[in-house]
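Asks: My questions will all concern the structure given below.
The values are calculated or read from the model by the stated rules, or taken from the named source; none is laboratory data. In this text the structure is predicted, and so the values were computed from the model without any measurement. Every residue, glycine as well, gets a Cβ built from its backbone with ideal geometry; the counts of neighbours run over all protein chains shown. With ligands, DNA and RNA removed, areas are computed over all heavy atoms of the protein, side chains included. Shrake-Rupley method; radii C 1.70, N 1.55, O 1.52, S 1.80 Å.
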Amino acid sequence: MLKLGKYTFKEDLTTRESNFMFFPAEDGEPASWSVDCSFIEGKYGEEEIYPAVCINPIETKASSVEELVGESFCVNSVEECEEREDLFTICEMYPMCRYQIDVLEISGNKAHVKCSGTAIVEEFDEETKTEDFELDVWLPIIVDADDWGDLN
């Protein structure tokens, strides 16, 4: 579920666009994890939108998905979100202003993730409109290509 201001959206788990990816350490590269989540169409103000959140790989010392429980990561500026290409999509893609994401639980092939922060929802000329958001989702875990067959 996504709360964006006073609006609520349900995650769309019917496609590969919503997932929790774990990339094990390999060839001298550290392990990392990332989150992508798309949401079912819903009303936001006068518009119908399909919101989405993209948080790119976050380095970790964890050697398995289970070891990610309790991990937390935060970004505190638009510039850092822009550099990392962490995006929030309303009608267009914008970098987030700030966020904190936490891995709460791993159960079977799903990861329970919470994220909260502030997103840019509209930019026009010099004016930027922002909105606070809260994300609380169970996402399918993808470690390798075979995991795509286990969705839902």
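Asks: Please compute the length gained on full extension between E67 and D136, using 0.36 nm multiplied by the number of residues separating them and subtracting their Cα-Cα distance.
Replies: Stretched out fully, the E67 to D136 stretch lengthens by 22.9 nm.
Asks: Size of the dipole of the chain about the Cα centre, Lys and Arg at +1 and Asp and Glu at -1 on the beta carbon, nothing else charged, in debye to 20?
Replies: Here the size comes out at about 640 debye.
Asks: Students often forget the sequence filter, so: which lysines lie under 27 Å Cα-Cα from K61 once same-chain residues fewer than 8 apart are removed?
Replies: K110, K114
Asks: Here's another thing I want to ask about it. Under unit Cβ charges (Lys, Arg +1; Asp, Glu -1), what dipole magnitude, rounded to 20 debye, does region 76-152 have relative to its Cα centre? The partial results should precede the final answer.
Replies: Numbers: 5 positive and 22 negative charges, 88 e Å.
Charge dipole, region 76-152, about its Cα centre: 420 debye, nearest 20.
Asks: Compute the distance in nm between two label points, each set 7 Å from the Cα along the Cα-to-Cβ direction, one at D147 and one at Y50.
Replies: So the label points at D147 and Y50 sit 2.4 nm apart.
Asks: On to the next question. Between T15 and T118, what is the FRET efficiency for a Förster distance of 35 Å, r being their Cβ-Cβ separation, to the nearest 0.05?
Replies: Here the calculated transfer efficiency is 0.85.
Asks: Something else about it: Return the sequence-ordered ³J(HN,Hα) values of region 58-65 in whole Hz as given by the Karplus equation 6.51 cos²θ - 1.76 cosθ + 1.60 applied to θ = phi - 60°, using x for Gly and Pro.
Replies: Karplus values, whole Hz, x for Gly and Pro: 10, 5, 8, 8, 4, 9, 8, 4.
Asks: Here is a follow-up. Taking only DSSP H segments of four or more residues, each worth -39500 (n - 2.57), what value at 222 nm results for the chain once the sum is divided by all its residues, to the nearest 500 deg cm²/dmol? Intermediate results must be reported in sequence, preceding the final value.
Replies: Numbers: 1 runs with 7 residues, N = 152.
It comes out at -1000 deg cm²/dmol, rounded to the nearest 500.
Asks: Multiply the residue gap between S77 and E92 by 0.36 nm, knock off their C-alpha separation, and tell me the result in nm, one decimal place. Intermediate values should be presented prior to the final figure.
Replies: On the way: separation 15, 0.36 × 15 = 5.40 nm, distance 1.91 nm.
Separation in residues times 0.36 nm, less the Cα-Cα distance, equals 3.5 nm.
Asks: Quick one, which of (i) 7.9; (ii) 9.3; (iii) 8.6 is the actual mean projected area of the Cα convex hull in nm² calculated for this model?
Replies: Only one listed value fits the structure, namely (ii).
Asks: With a 1.4 Å probe and all protein chains left in place, how much of the accessible area of region 65-152 comes from carbon and sulfur atoms, in whole percent?
Replies: Here carbon and sulfur together make up 42 percent of the probe-accessible area.
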